[in-house]
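Enquirer: The structure under discussion is supplied below as structure tokens; questions concerning it will follow.
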Amino acid sequence: MPASPRRGARNGAVAALLLVVALLATGCTGAAAPASSGTAVDQPGDAGQSTAEACALVASTIADVGSGVSEQSDAQAAASALADASARLRDTQPQITNDAVAAAVVPLIELYASVGDAMTAMAAGDASKLDDLAGLSADMQGALGRFGEVCGVS
């Protein structure tokens with residue numbers, strides 16, 4: 001039986017969001033800028049943790065999300081990968097004492113969880129989450145972009 005137009009649109013939106021998450025996550029995990037650019041210099045109030053050190057704690061999780069999500073062929077598996085990423089970032093959060101990086105990580109934790117929840121609902125047949133994914137996609141782009149800016153990654 002052919003897929004309904006709404007289901008086709010939902011699958012397309014899920015695929016597009018997965019691609020955005022994977023591409024942005026991959027792009028935000030390059031090496032942090034060298035110390036001479038100022039991004040690796042410790043700032044007051046950061047308990048001695050440089051931006052580069054804090055970014056390194058987060059970058060591997062984001063890279064894992066990018067590869068893990070891009071390997072998934074269905075929304076439920078991708079949602080599970082995103083929930084795992086949110087949990088891993090939440091577990092890493094207490095180790096991040098650099099204020100700028102800590103501030104950039106909070107929206108990522110929330111967005112990975114929100115996207116995972118929306119995708120879980122969609123996988124269960126809740127087409128109303130389709131519109132939510134468009135907004136979440138834009139929010140994810142912004143959050144990953146801010147993390148990239150803070151960490152000196154283009």
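Enquirer: Under the Karplus relation 6.51 cos²θ - 1.76 cosθ + 1.60, θ = phi - 60°, what is the ordered set of whole-Hz ³J(HN,Hα) values for the stretch 83-93, x standing for Gly and Pro?
Expert: Those phi angles translate into 4, 4, 4, 4, 5, 5, 5, 4, 5, 7, 3 Hz.
Enquirer: Want the number for Asp91 to Ala77: 0.36 nm per residue separation, take away the alpha-carbon distance, what's left?
Expert: Length gained between Asp91 and Ala77: 2.9 nm.
Enquirer: Using the reciprocal of the averaged 1/r over all distinct C-alpha pairs, how large is the Kirkwood radius of the stretch 50-150 in Å?
Expert: Mean inverse Cα-Cα distance, inverted, gives 13.8 Å.
Quick note: the coordinates plus some simple rules give every number you see, no bench work behind them. Owing to the predicted nature of the structure, the values given are computational and were not obtained by experimental measurement.
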